[in-house]
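Visitor: Submitted below is the structure of interest, expressed as structure tokens.
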Amino acid sequence: MPGGVSSPIRALDPDRFQVPVRDPVWKHVWLSEPLRDIYGSAPFLRLYRIKQLGPTELIYPGATHSRASHSVGVYALAFRLLRVLVSRGADRWVTDTGCASFLAAALLHDLGHFPYTHSLKELPLENHEALTAALMRSEPLRSLIGDSGGDPDMAAAIVSPAAGETPGATGEDAETVFFQSLLSGVLDPDKLDYLNRDAYYCGVPYGLQDTEYVLSRVQPDRRRGIVLDSESVLSVESVLFSKYLMYRSVYWHRQVRIATAMMKKSLYAVLRDKTVSPETLYSLDDEGLYRLLASLAHPDAEIGMGIRERRLYRILAEYRFNESDPGMKPLEDLERRSEAERHLSERITRETGIRLTEADVLIDIPERISFESDLFVADEAKPFSESSTVFNRATVDKFTASLRKVRIAVKPEIAQRLSGSRLTGENLAEWTGLRYTVD
């Protein structure tokens with residue numbers, strides 16, 4: 001890393017990082033030779049064939065960047081963050097092995113990610129962090145991580161804590177817990193990269209962050225990972241508000257949501273009917289997923305294939321998600337949602353005389369998300385949400401409520417046939433078992 005500053009941790013010695021990778025977002029990213037070998041390994045190369053934002057390119061044509069480019073960006077920011085924290089006292093408790101393990105974990109954190117972005121979320125599958133950890137503990141990556149100076153088991157634990165998403169819940173050593181906290185949080189390298197990178201490729205300004213300033217404000221904390229001062233509150237607010245705007249304009253754009261739900265509906269059907277096993281999906285890339293669907297005789301496979309030809313379902317009605325609606329909350333369960341789609345198709349058929357099947361109807365409910373922060377503001381001696389921020393819990397709840405929309409959609413040819421049937425949002429809500437609160 002030409003021009004680098006020497007570090008008390010050998011794993012961060014700039015002389016070890018002489019392999020440049022040119023990145024449009026973070027410019028030169030420097031790898032060590034062992035990390036270059038990881039970057040060129042077959043498991044990592046699969047990430048080049050998975051688009052970071054899946055069907056979003058249908059709406060934002062520039063959004064063709066890959067999980068691989070995002071992973072390089074996460075590594076680049078993890079390296080910068082670690083150097084800052086070490087220079088501010090973290091070298092008292094981190095080791096060479098731990099730092100090398102953390103860098104490998106950052107580069108490989110998405111290794112087990114499913115194809116087609118989050119379309120496979122909520123399906124009865126192993127979570128992608130656990131798949132990542134299993135790959136990191138297996139060859140060739142086990143040896144390659146070891147060659148980089150890291151411990152493959154520690155690197156895997158940093159990505160996927162043994163007890164789920166709570167760092168340290170099963171008594172991992174303090175250094176591992178520290179690195180888990182760095183890789184997963186409000187100001188983590190993952191979030192800082194995907195907000196900046198996705199905004200860059202989509203051509204929108206909403207996700208851009210003053211990353212250098214963010215990194216200049218963090219302080220290491222052995223138990224919490226990082227802490228901030230009150231002058232840094234603005235940085236966290238910027239990240240949270242950017243996340244909100246990116247969800248509103250990009251990630252949960254109504255047509256992106258419909259395409260995502262179409263793939264989810266298609267895959268849920270073939271998994272439910274045991275036409276495909278979960279293990280079949282884990283090693284696929286985006287094209288492999290389409291090839292799989294094209295090879296299946298299952299009638300619902302064509303739902304996912306329709307995305308490629310831009311035959312997206314047409315939205316008939318949308319509603320704000322309402323926790324107090326007794327008919328809405330159960331629809332978060334995919335089986336209950338499938339039953340509701342079947343019931344709705346039968347009711348529309350009965351009321352209009354136009355024959356629909358369960359495959360013709362789609363109900364989309366975005367998964368739960370959080371805009372809360374557990375960061376600690378040291379000079380106020382308070383968690384972020386109780387500090388001088390405007391992002392108190394009431395504001396966060398309003399943000400979340402404004403984003404989650406329940407949508408009812410049908411195949412485009414069905415929508416055309418229904419155009420003169422005088423269906424209303426009130427009708428559809430009643431037949432789905434929802435209270436009528438159409439947006």
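Visitor: Here is a check on your reading of the model: is E332 acidic (D, E), surrounded by 14 or more Cβ atoms within 10 Å (Cβ to Cβ), on the phi < 0 side of the Ramachandran plot and under 23 Å from the mean Cα position of the chain (by Cα)?
Guide: Working: acidic (D, E): yes; surrounded by 14 or more Cβ atoms within 10 Å (Cβ to Cβ): yes; on the phi < 0 side of the Ramachandran plot: yes; under 23 Å from the mean Cα position of the chain (by Cα): yes.
Yes.
Visitor: Restricting the search to the stretch 295-309, which residues are more than 13 Å from S266 (Cα to Cα) and at pLDDT 95 or above?
Guide: S295
Visitor: Here is a list of conditions, (1) touching a helix residue (DSSP H, G or I) at 6+ places or on another chain (Cβ under 7 Å); (2) assigned to a helix (DSSP H, G or I); (3) among the aliphatic types (A, V, I, L, M), and V19 meets all of them except one; can you say which number that is?
Guide: (2)
Visitor: For the stretch 83-106, indicate whether the set of residues that are among the aliphatic types (A, V, I, L, M), over 21 Å from the mean Cα position of the chain (by Cα) and either at positive phi or not in a helix (DSSP H, G or I) (or both) is non-empty. Walk me through how you get there before you give the answer.
Guide: So in the stretch 83-106, the residues among the aliphatic types (A, V, I, L, M) come out as 84-86, 90, 94, 100, 103-106.
Now drop any that are not over 21 Å from the mean Cα position of the chain (by Cα), which leaves 84-86, 90, 94, 100.
Then drop every residue that is not either at positive phi or not in a helix (DSSP H, G or I) (or both), which leaves 94.
Among the residues of the stretch 83-106, at least one is among the aliphatic types (A, V, I, L, M), over 21 Å from the mean Cα position of the chain (by Cα) and either at positive phi or not in a helix (DSSP H, G or I) (or both), which makes the answer yes.
Visitor: Against the definition (buried (at least 18 other Cβ atoms within 10 Å of the Cβ) and within 19 Å of H113 (Cβ to Cβ)), how does V256 come out, yes or no?
Guide: Values: buried (at least 18 other Cβ atoms within 10 Å of the Cβ): yes; within 19 Å of H113 (Cβ to Cβ): yes.
Yes, satisfied.
Visitor: Being at pLDDT below 95, surrounded by fewer than 19 Cβ atoms within 10 Å (Cβ to Cβ) and at positive phi, is that true of even one residue in the stretch 166-175?
Guide: There is at least one residue in the stretch 166-175 that is at pLDDT below 95, surrounded by fewer than 19 Cβ atoms within 10 Å (Cβ to Cβ) and at positive phi.
Visitor: Moving on. Could you list, in sequence order, the residues of the stretch 32-45 that are touching a helix residue (DSSP H, G or I) at 6+ places or on another chain (Cβ under 6 Å) and either free of Cβ contacts under 8 Å to residues at least 40 places away in the same chain or among the charged types (D, E, K, R) (or both)?
Guide: D37, the sole residue that qualifies.
Visitor: Applying the selection to the stretch 179-198, what residues are buried (at least 23 other Cβ atoms within 10 Å of the Cβ) and of a type outside the set (D, E)?
Guide: Within the stretch 179-198, F179, Q180, L182, L187, P189, L192, R197 qualify.
Visitor: Output yes when any residue across the stretch 315-333 is in a helix (DSSP H, G or I) and among the β-branched types (V, I, T), and no when none is. Can you show your working first?
Guide: Initial filter on the stretch 315-333 (in a helix (DSSP H, G or I)): 329-332.
Then drop every residue that is not among the β-branched types (V, I, T), which leaves none.
Checked the stretch 315-333: no residue is in a helix (DSSP H, G or I) and among the β-branched types (V, I, T).
Visitor: Which residues, taken from the stretch 140-164, are closer than 21 Å to R49 by Cβ and in a loop (DSSP other than H, G, I, E, B)? Spell out how you get there, then give the answer.
Guide: Looking only at the stretch 140-164, we keep the residues that are closer than 21 Å to R49 by Cβ, and these are 140-141, 144, 159.
Across the stretch 140-164, the qualifying residue is only P140.
Visitor: Follow-up question, since we're still on this one. Identify, please: which residue in the stretch 119-159 is of a type in the set (G, A, S) and surrounded by 23 or more Cβ atoms within 10 Å (Cβ to Cβ) and is, among those, farthest from L108 (Cα to Cα)? Full working, then the answer.
Guide: Our first condition is that a residue be of a type in the set (G, A, S); within the stretch 119-159, this holds for 119, 130, 133-134, 138, 143, 146, 148-150, 155-157.
Now narrow it down to the ones that are surrounded by 23 or more Cβ atoms within 10 Å (Cβ to Cβ): 119, 133, 148, 150, 155-157.
Working: S119: 21, A133: 9, S148: 13, G150: 13, A155: 9, A156: 9, A157: 12 Å.
Only one residue tops the list, namely S119.
Visitor: Do you know which residues across the stretch 410-439 are touching an Asp or Glu at 6+ places or on another chain (Cβ under 7 Å) and at pLDDT 90 or above?
Guide: V410, K411, I414
Visitor: While we're here: Of R88, R67, R92, R83, which residue is over 30 Å from R257 (Cα atoms), buried (at least 17 other Cβ atoms within 10 Å of the Cβ) and of a type outside the set (A, V, I, L, M, F, W, C)?
Guide: Numbers: R88 fails: buried (at least 17 other Cβ atoms within 10 Å of the Cβ); R67 fails: over 30 Å from R257 (Cα atoms); R92 fails: buried (at least 17 other Cβ atoms within 10 Å of the Cβ).
Selected residue: R83, the only one of R88, R67, R92, R83 that is over 30 Å from R257 (Cα atoms), buried (at least 17 other Cβ atoms within 10 Å of the Cβ) and of a type outside the set (A, V, I, L, M, F, W, C).
Per-residue answers, yes or no, for (1) touching a Phe, Trp or Tyr at 6+ places or on another chain (Cβ under 9 Å); (2) over 17 Å from L141 (Cβ atoms):
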{"position": "P8", "(1), (2)": "no, yes"}
{"position": "R22", "(1), (2)": "no, yes"}
{"position": "F44", "(1), (2)": "no, no"}
{"position": "G62", "(1), (2)": "yes, yes"}
{"position": "S69", "(1), (2)": "yes, yes"}
{"position": "T97", "(1), (2)": "no, no"}
{"position": "D110", "(1), (2)": "no, no"}
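The values are calculated or read from the model by the stated rules, or taken from the named source; none is laboratory data. Nothing here was measured: the structure is a model prediction, and the numbers come from that model. Positions of Cβ are generated from backbone atoms using ideal geometry, with glycine treated the same way; all protein chains shown enter the neighbour counts.
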